[in-house]
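Here's the structure, in structure tokens; my notes come after.
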Amino acid sequence: QVQLVESGGGLVQPGGSLRLSCVASGSILSINNRGWYRQAPGKQRELVARISSGGRPNYADSVKGRFTISRDNARNTVYLQLNSLSPEDTAVYYCNDNIVARGAVLSRNYWGQGTQVTVSS
């Protein structure tokens with residue numbers, strides 16, 4: 001069984017910063033791509049950033065230059081550094097990993113439960 005647990009969300013003022021973390025645990029053989037998505041009220045879930053197994057990042061245009069994704073493979077953790085936050089960044093942020101579980105033939109995508117980020121003065 002595989003679990004993803006996010007943390008680090010909260011209330012922050014415009015222009016502020018947060019660091020989100022997502023720890024993968026359980027019967028994991030390997031973790032491929034790792035990503036962060038977000039869903040604002042009344043909107044569809046959207047990709048924010050993704051990082052490959054080799055550490056290559058990709059970002060949505062709306063967060064380029066402000067957010068940074070990184071991963072610590074030894075800790076099975078992926079991070080999202082959020083800088084220069086604006087109210088438009090308010091959303092629930094979800095971790096999404098492509099994982100090969102022990103005993104599995106194929107990889108599959110797993111989701112965390114989400115962490116709320118609220119940007120408001």
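Using a Gaussian network model on the chain with a 10 Å cutoff between Cα atoms, which of Tyr94, Tyr79, Tyr110 fluctuates the most? Sorting by GNM fluctuation, first place goes to Tyr110. For the stretch 2-121, the antiparallel share of DSSP beta bridges with both residues in that region comes to about 95%. Rounded to the nearest 20 debye, the dipole magnitude of the stretch 3-91 is 180 debye, with +1 charges on Lys and Arg beta carbons, -1 on Asp and Glu beta carbons, and the Cα centre as origin.
Computed over the chain, relative contact order equals 36 percent, with contacts defined as Cα pairs under 8 Å that lie 6+ residues apart. Tell me the carbon and sulfur percent of the accessible area for the chain, rounded to whole percent, probe radius 1.4 Å. Of the solvent-accessible surface of the chain, carbon and sulfur hold 45 percent.
In the context of the full set of protein chains, residues of the chain present 54 Å² of accessible surface per residue (probe radius 1.4 Å, heavy atoms only).
Give the Rg/Rh ratio for the stretch 26-104, taking Rg as the radius of gyration of the Cα atoms and Rh as the Kirkwood radius, to two decimals.
Radius of gyration relative to Kirkwood radius: 1.01.
Pairs of Cα atoms nearer than 8 Å and 6+ residues apart set the relative contact order; for the stretch 11-72 it is 21 percent.
The values are calculated or read from the model by the stated rules, or taken from the named source; none is laboratory data. Worth saying up front: this structure is predicted, and the values here are computed from it rather than measured. Every residue, glycine as well, gets a Cβ built from its backbone with ideal geometry; the counts of neighbours run over all protein chains shown. Areas reflect the complete protein model, heavy atoms only, side chains present, ligands, DNA and RNA absent. Shrake-Rupley method; radii C 1.70, N 1.55, O 1.52, S 1.80 Å.
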